[in-house]
Amino acid sequence: MTTKLTVLATGGTIAGIAGSAIAHDYRSGEIGIEEYLERVGGLGLEAELSGTQIANIDSADIGPAVWHPLHAAALAALADEDCQGIIVTHGTDTLEETAFLLDLTLPATKPVVVVGAMRPADAVGYDGLRNFANAVRVASDAQAAGRGVLVVMGDRVFAARDVYKVRTRGTEAFRGFPRESVGLVTPASLEWFGAPWRSGTEAAFGWPETLPEVVIVYAHAGLDGAGVERQVAEGTRGVVLAGVGEGNMPESARQELVRLAARGVPVVRASRADEGLVDREPEDDANGFVAARALNPQKARILLQLLLAGGTSDPAAIQRAFDGR
């Protein structure tokens, strides 16, 4: 039986055009969803695809203005009895943030797959068609439900919580941490690593009307308290530190962040390193800090925004959310 899938398009390189098969520069979000579905129609995919254009932009420009209609369209598709799965086409630069936000705010009742490409549609070696065909394979599989939002890139399936972009070029641009990947996929096959981990019809968070302002402060040699202060404007509701090593920072910067935490501004310690846990330290209690655990700074920001939007500002409660409890 043919699977019916809904495609929600936001633009990105997967819908980009260079005007030359070998050019380096290109324009993201040039191909509309109707044209794109015509292009994939010749692949022989065993799915009935219907599409909605949410946006057609470079993913560097993705934010609440796109997230709101995207989330609403995803909820509508999940509620549609005829829809068996959702594919979101997206630029790769902020793909991990959108996928994580959807993972936290959508129920896990049907497969939801986010997919992109590293090369524009008219480039030599365009990876978008294969990635899309792989996404169709995953979204059509009943076992994809219960795994939350998934990301398909380069013949691998990643969980939204784990995935992150590691390269500026090349088709193998994504990795996962702490789970490297949760499945391998080709247009003709799919192998899962382990059983579904989400039971639920309930999302972890309700969708907020607005996302509170949370800034990411990037730690570096010589960062001082004044440097932190310049980045935290009036009205900032939370701070995520992209710390050196295991979420560390220079002493002067630490003192300023302690002052912010004492004023009721939650401070989350993450790491600028690609991989590794930021564990809670004894000093965090005295400082009023939260440890990001396995989340990178950009994902820690998303989680903190949702917690603040839901009225959670107590550091102990925020820590439990980052611990997954």
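Of note:
- Cβ-defined net charge surrounding residue 246, 10 Å radius [Lys, Arg +1; Asp, Glu -1]: -1
- Carbon/sulfur fraction of accessible area - the stretch 229-325, other protein chains in place, 1.4 Å, %: 44
- Listed residues 241, 295, 260, most fluctuating in the chain (Gaussian network, C-alpha, under 10 Å): 260
- Surrounding net charge for residue 52, when Lys and Arg each add one and Asp and Glu each subtract one, Cβ distance under 13 Å: -2
- Candidates per chymotrypsin sites (Phe, Trp or Tyr not before Pro) in the stretch 178-234, loop by DSSP, up to 14 other Cβ within 10 Å: 193, 197
- Compared with the dominant principal axis of the Cα atoms in the chain, helix 251-262 is inclined by about 80°.
- Sequence-distant lysines (8 or more away, or on other chains) whose Cα lies within less than 21 Å of residue 110: 4
- The antiparallel fraction among DSSP beta bridges confined to the chain stands at about 30%.
- Among beta bridges that DSSP assigns inside the stretch 86-230, antiparallel share in %, nearest 5: 60
- Accessible surface of the stretch 13-117, 1.4 Å probe, proportion on carbon and sulfur as whole %: 47
- Distance between the stretch 36-53 and the stretch 86-112 - C-alpha centres, whole angstrom: 19
- Å² per residue, accessible surface of the stretch 19-120 at 1.4 Å: 43
- Helix 128-139 and the longest principal axis of the C-alpha atoms of the chain enclose an angle of approximately 80°.
- CD proxy at 222 nm, helix term only [per DSSP H run n ≥ 4: -39500 (n - 2.57); per residue of the chain; nearest 500]: -8500 deg cm²/dmol
- Principal-axis tilt of helix 64-79 within the chain, Cα atoms, nearest 10 degrees: 50
The values are calculated or read from the model by the stated rules, or taken from the named source; none is laboratory data. Remember, it's a predicted structure, so these values are computed and weren't measured experimentally. Glycine also receives a Cβ, built like all others from the backbone with ideal geometry; neighbour counts cover every protein chain displayed. In case anyone asks, the SASA skips ligands and DNA or RNA and just uses the protein heavy atoms, side chains included. Shrake-Rupley method; radii C 1.70, N 1.55, O 1.52, S 1.80 Å.
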